[in-house]
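In what follows, a structure is listed as C-alpha cells, so that the remarks can point back to it.
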C-alpha cells in the first residue's frame, strides 16, 4: 500500500520561526487566529508513542515553550494545545492563542464559527522568537 506524500516532510508547514535537529516551530498564516503556531517533529512519524522518552520530553519542552512565548507576547484568554494528525499523519502540535471574542470561542477552532470575531494583532516574529528563545532556555 503506498502512502501519499507528506506535506510536513516536503514543506516547512508555515513560516519557520525556530528549529533544531529534532523539531521546528512555525507560525501559521491564519487571519482569524494570529499567533497560531505548530511544533512539528522533523522526522516522519505519526504518534507520540513512536518517539523514545527523551525525544517525547524534548518535543513537549518545545510545545510548552511555544505556549509560554505566545502567552508573553499576546496575553490570550486561553491557549489550546492539540495533536490531531487526522489530515496530516505527521507528528505535530497546534499551539493556538484563544480570545473570548474570537470566531469560535468557546468551541474548537475547527468547529462552526460562533460569531464574526474580533481581530487581534499577531505578535511580531522577532518578538515571538525572542520570547520563545527565553522560554526554551528555561528547564
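Screening residue 127 against (1) closer than 16 Å to residue 18 by Cα; (2) modelled with pLDDT under 95; (3) touching a strand residue (DSSP E or B) at 6+ places or on another chain (Cβ under 9 Å) leaves a single unmet condition, (3). Flag not set for residue 51, criterion: surrounded by 15 or more Cβ atoms within 10 Å (Cβ to Cβ), in contact with a helix residue (DSSP H, G or I) (Cβ under 7 Å, 6 or more places away or on another chain), touching a residue at least 24 places away in the same chain (Cβ under 8 Å) and under 15 Å from residue 131 (Cα atoms).
Only one of the listed residues (134, 115, 98) is in contact with a strand residue (DSSP E or B) (Cβ under 6 Å, 6 or more places away or on another chain) and farther than 26 Å from residue 44 by Cβ. That residue is 98. Please go through the range 1-33 and give me each residue that is surrounded by 16 or more Cβ atoms within 10 Å (Cβ to Cβ) and out of contact with any helix residue (DSSP H, G or I) (no Cβ under 8 Å at 6 or more places or on another chain), ordered by number. Once the filter is applied, which keeps residues that are surrounded by 16 or more Cβ atoms within 10 Å (Cβ to Cβ) and out of contact with any helix residue (DSSP H, G or I) (no Cβ under 8 Å at 6 or more places or on another chain), the range 1-33 yields 8, 14, 24, 26, 28, 33.
Scanning the range 65-103 for residues that are surrounded by fewer than 18 Cβ atoms within 10 Å (Cβ to Cβ), in contact (Cβ under 8 Å) with a residue 24 or more places away in the chain and closer than 10 Å to residue 39 by Cβ returns a single hit, 83.
The values are calculated or read from the model by the stated rules, or taken from the named source; none is laboratory data. All values reported here derive from a predicted model rather than from experimental measurement. FYI the Cβ positions are ideal-geometry reconstructions off the backbone, even for glycines, and counts take in every protein chain you see.
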